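Here the structure comes first, spelled out in structure tokens, and everything after it is commentary.
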Amino acid sequence: MTAGDAGRRGRRTGKAANDKATSDDVPAVRAVRSARKAVKAGKSGTAKSSPTRASFDKKVIALVYDFDGTLSPRPMQEYAFLPQIGVDAAQFWKETNRVAREQEADPLITYMHLLYKKAKDAGVRIDRDDLVAQGRAVELFAGVIEWFDEIGSYVALRSESQGVTVRHYMISSGLTEIIEGTPIYDRFHNVFASEYWFDAYDLPYPKRVITDTGKTQYLFRINKGVEDLGETINQHMPEMERPIPFSNMIYFGDGETDVPSMAVMRKNGGHAIAVHAPGESKDKCVGLFKAGRIDFFAAADYRRGSDLFKRTCLLIDRMLADIRVKEELWAVERELK
């Protein structure tokens, strides 16, 4: 969802920790966040192979998700933030779009500014810990919590190549702080989302804003293994040196705001799946499919056996076969040297 449509809804870093933080345990969430930063500080890409035994290392499969409308039915701000300050969601997004047009401002920066302006006007103080706690209220589509383990089990069952791993990433224009409070935060290898500075000004100031087109930067960060946001991704890196080929990636989104990411993914040999709320119109998904933006579309039902699960697994089967072919070619080439 974006604030482009505001709007259409607001939509983010780190290595998954071993201990899963509960959604209402803010200290635990901080521990997960700290663990992720520690991992990033040590290395931003994939682990290097042992210098004594070379091996084919392009075996990471990356599943990359939008959040609002993709993993959750509504924009994350609508579950707790807006009700807490007494603001109607539809009117908020309408005002965001209007102000952005009138001021010729970025819609996402506009929505982040308006959230706290309205909170201040309502006399409600909301800090970082409060936002994290709001993650408890965010609803997820059916099967999302179990999805990560189910996909991992499927890959373990189907893979005929040793060492294939699955990483889950999120790229969202929503708020990092709210995402941290959801029960799935620690299932992601890295989360890239919009974020606030909380000590710079009287009103929290946007620290990072991830726009629809800006999301594509993070696809290349995953592809190149440059996940530390303090490092640039502008330097040239030969395709063969990139740790996660686009062909090993699937992007999940819910509509027009995900088109740039879907286009980049497909153009570079990756895959994309569009989802729609169960029981609701699939017209947008059909349009994306006809335009060649996606491989498949399905209702946002993440339970094992659903169309979404089956179609995702079909693409994973293709990637696993591709990995096996490339690994065998790699071995043959080494024999010829």
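Read the figures in this text as sums done on the coordinates, not as results from a lab. Just so it is clear, the structure is predicted and the values come from calculations on it, not from any experiment. Here the Cβ is made from the backbone with ideal geometry for all residues, glycine too, and neighbour counts use every protein chain on show.
Data for the structure
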{"quantity": "Over 24 Å between alpha carbons, listed pairs 58/267; 267/337; 224/284", "calculated": "267/337; 224/284"}
{"quantity": "Neighbourhood net charge (10 Å Cβ-Cβ; Lys/Arg +1, Asp/Glu -1) for residue 303", "calculated": "-2"}
{"quantity": "In order through segment 66-81: 3J(HN,Hα) via Karplus (6.51 cos²θ - 1.76 cosθ + 1.60), integer Hz, x for Gly, Pro", "calculated": "6, 10, 5, x, 10, 9, 10, x, 10, x, 4, 5, 7, 7, 9, 4"}
{"quantity": "Computed over segment 26-336, Cα set: Rg, Dmax in Å", "calculated": "20.3, 72"}
{"quantity": "Whole-number percent relative contact order across segment 26-336, with pairs defined as alpha carbons under 8 Å at least 6 apart", "calculated": "22 percent"}
{"quantity": "Charge dipole (segment 26-336, unit charges on Cβ, about Cα centre) - positive-most of 83, 294, 72", "calculated": "294"}
{"quantity": "Rg/Rg_ref, segment 140-219, where Rg_ref = 2.2 N^0.38 Å and atoms are Cα", "calculated": "1.40"}
{"quantity": "Charge-dipole axis of segment 26-336 as Lys and Arg at +1 and Asp and Glu at -1 on Cβ define it, positive-most pick from 131, 255, 219", "calculated": "219"}
{"quantity": "At most 14 other Cβ within 10 Å, DSSP loop - chymotrypsin sites (Phe, Trp or Tyr not before Pro), segment 179-286", "calculated": "201"}
